[in-house]
Structure formats: structure tokens, C-alpha cells
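Enquirer: Mind having a look at this structure? Questions to follow.
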């Protein structure tokens, strides 16, 4: 019997942060085989709301979906065939070429200028202010300000009423490069001033009293501006886990874009397939009348190089 999971279409999501993980969950739930790509030892601090732990522990679970870390490119198909999300540090280009990916979503995973994604994958989507539709991606999505970027200030208060059910959180961001060290866990109760961890000789303290909504992983590679600690002053530990409303809304938007764009690409692919079939029939019959009836020249059909040979896209 043919494994139906092996026939799923492949989507790549760049970034294991809370937004990228929510997008991965949404695509996975819609029937896509999802590969989540990130750098080694990613810095993302909202690990209870993301798949980031897969890079440190080998696996992670979020919203009923499981992610398994793949150290080699060859192991990715096996993980996908078992109905899991594949997490990896391999370059997205290598993954796209090997698995013939049809969707690529950049969830703002890079701390540097984003690269041009268009061209190698049929549908490319960028989330955040650094993307421009028609330039570096096919479709650009503006993320809500609360989840779009990193505040350069070392400490800040943030009112997230719109996205986090009237929650107020305080964040500590790094001012230096290094490895983050901590013995704390997501959901731990803390008091303002408590020692949470360190980078080198610099101590990182809790900015407020509450629970740890965000905490960079032990050994995470940190750069200036990376958020290390986030304290939810509401003090409810279970709210530190699961997909947040902001990332969930972005994921739903991405899923709708993929569905609508896939319909357009499917139509283009269907036209290409028809043209190729007509060309073959025309060549076999050597009849100009057949070609004229089907609307193509007797010498063969012109095809769109960008869409020729592509599989039909869609969950």
C-alpha cells in the first residue's frame, strides 16, 4: 500500500521562533510535510510556544504536533513519513532541492538582512518588515508589532493586551555576544532581581516578578539584541506554553495565502501540462489540422520554464 504521508507536498519554514513554529503547525495540520530550518543553537526565548527545544533536546511538541531534529538531510524523509515536522540546520536551498519543496516561508529567522527567496520555490512568503512582495519574496506579510522584531533596549515593559489576553510582560535583551547559561525553566516563578542566568561574567536578572514566559535555552548562541528573559507578571505558568494568539493569527493568514496562491499556480501548471500533451499528440500525428484544432502550432507548444515539470501544488 502506498504511504499517503509520503505523497504530501513539502513546505519549508525558516525560523523556529513562536511565529515560525505556529506557521509550521498550521501547514502540518493542513496536510503539508513541513521542514523547519534554523541555525544551530537558536536564541529564541519563547520555547514553550515554539519548536526551539528540538534543536537542544532532539524533539519538541506544540499544539499536538511533534518535531524531530534531523542531523542529516537523508533522515528528513523518514521523519516526514512518520507524520512529524522535521527540524534541521541544513540550508533551506539543499532541503528545497532534495525534496522539491513547493512553499517557503521565512518567519524572520535571521538577525541579518534577509536573502532573496524568490525563484527556487514556487511560493515564497516573508513575514516582517524586511520583505517586499515582488522583490525578495512573492508575498510579504506584516507581523503585528508585538511579535515582529527585537527591541534594542536591554529591558522593557510591554503591554500585549491585544494579543496576549491583557498580559503584561517584561523582557531582558542581551547587550553582548556569548553563550547563555541558566538553570531555570519556562514557567518558573521569579521575583524581580532574581538571578536567571548569565552570559560570560554578566548576570541576567529578572526584570519583574511573575513567571518565566520566555527563557533562552542553555547554551544558546546570543548576539546583541536577542531576547533572553521574558517575565509574565500575571504569574500563570500554563500560559507560558502553546501557540499565542498573535502567532496563530499570522499562521492562519499564511495558510490562506498558500491556498490562494496554490490555486493560481495549479492553473498555470495545468496549462503547461495541456500544452505538453498537445505538443506530443501533434508530433505523433504530424497533422497540422489536429494542432490547429487544439490551438497550438504543429511544430510544438511553448512552455513556461518556471512552471514546466512542477507537481500540482496543494495539501
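Enquirer: Are any of the residues in the range 221-237 at pLDDT below 95, assigned to a helix (DSSP H, G or I) and over 30 Å from residue 11 (Cα atoms)?
Expert: Scanning the range 221-237, I find at least one residue that is at pLDDT below 95, assigned to a helix (DSSP H, G or I) and over 30 Å from residue 11 (Cα atoms), so the answer is yes.
Per-residue answers, yes or no, for (1) more than 24 Å from residue 232 (Cβ to Cβ); (2) out of contact with any strand residue (DSSP E or B) (no Cβ under 9 Å at 6 or more places or on another chain); (3) free of Cβ contacts under 8 Å to residues at least 60 places away in the same chain:
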| residue | (1), (2), (3) |
| --- | --- |
| 15 | no, no, no |
| 37 | yes, no, no |
| 44 | no, no, no |
| 97 | yes, yes, yes |
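Enquirer: Determine which single condition residue 175 fails, assuming it passes every other condition in (1) in contact with a helix residue (DSSP H, G or I) (Cβ under 7 Å, 6 or more places away or on another chain); (2) at pLDDT 90 or above; (3) part of a loop (DSSP other than H, G, I, E, B).
Expert: (1)
Enquirer: Return the pair list, or none, for Cβ contacts closer than 8 Å from residues in the range 64-75 that are in contact (Cβ under 8 Å) with a residue 24 or more places away in the chain and assigned by TED's automatic domain parsing to the domain that holds residue 47 to residues that are surrounded by fewer than 20 Cβ atoms within 10 Å (Cβ to Cβ) and assigned to a strand (DSSP E or B), at least 6 apart or on different chains.
Expert: Pairs found: 67/59; 67/61.
Enquirer: Restricting to the range 198-211, name every residue that is on the phi < 0 side of the Ramachandran plot and in contact (Cβ under 8 Å) with a residue 24 or more places away in the chain.
Expert: Looking only at the range 198-211, we keep the residues that are on the phi < 0 side of the Ramachandran plot, and these are 198-199, 201-209, 211.
Hits for the range 198-211 are 199, 202, 204, 205, 206, 207, 208, 209, 211.
Enquirer: Could we say that residue 22 is crowded, with 17+ Cβ neighbours inside 10 Å, assigned by TED's automatic domain parsing to the domain that holds residue 124, in contact with a helix residue (DSSP H, G or I) (Cβ under 7 Å, 6 or more places away or on another chain) and outside any helix (DSSP H, G or I) here?
Expert: Details: crowded, with 17+ Cβ neighbours inside 10 Å: yes; assigned by TED's automatic domain parsing to the domain that holds residue 124: yes; in contact with a helix residue (DSSP H, G or I) (Cβ under 7 Å, 6 or more places away or on another chain): yes; outside any helix (DSSP H, G or I): no.
It is false that residue 22 is crowded, with 17+ Cβ neighbours inside 10 Å, assigned by TED's automatic domain parsing to the domain that holds residue 124, in contact with a helix residue (DSSP H, G or I) (Cβ under 7 Å, 6 or more places away or on another chain) and outside any helix (DSSP H, G or I).
The values are calculated or read from the model by the stated rules, or taken from the named source; none is laboratory data. Just so you know, these numbers come straight off a predicted model, no measurement behind them. Heads up, the Cβs are rebuilt from the backbone with ideal geometry, glycines too, and the neighbour counts pull from every protein chain shown.
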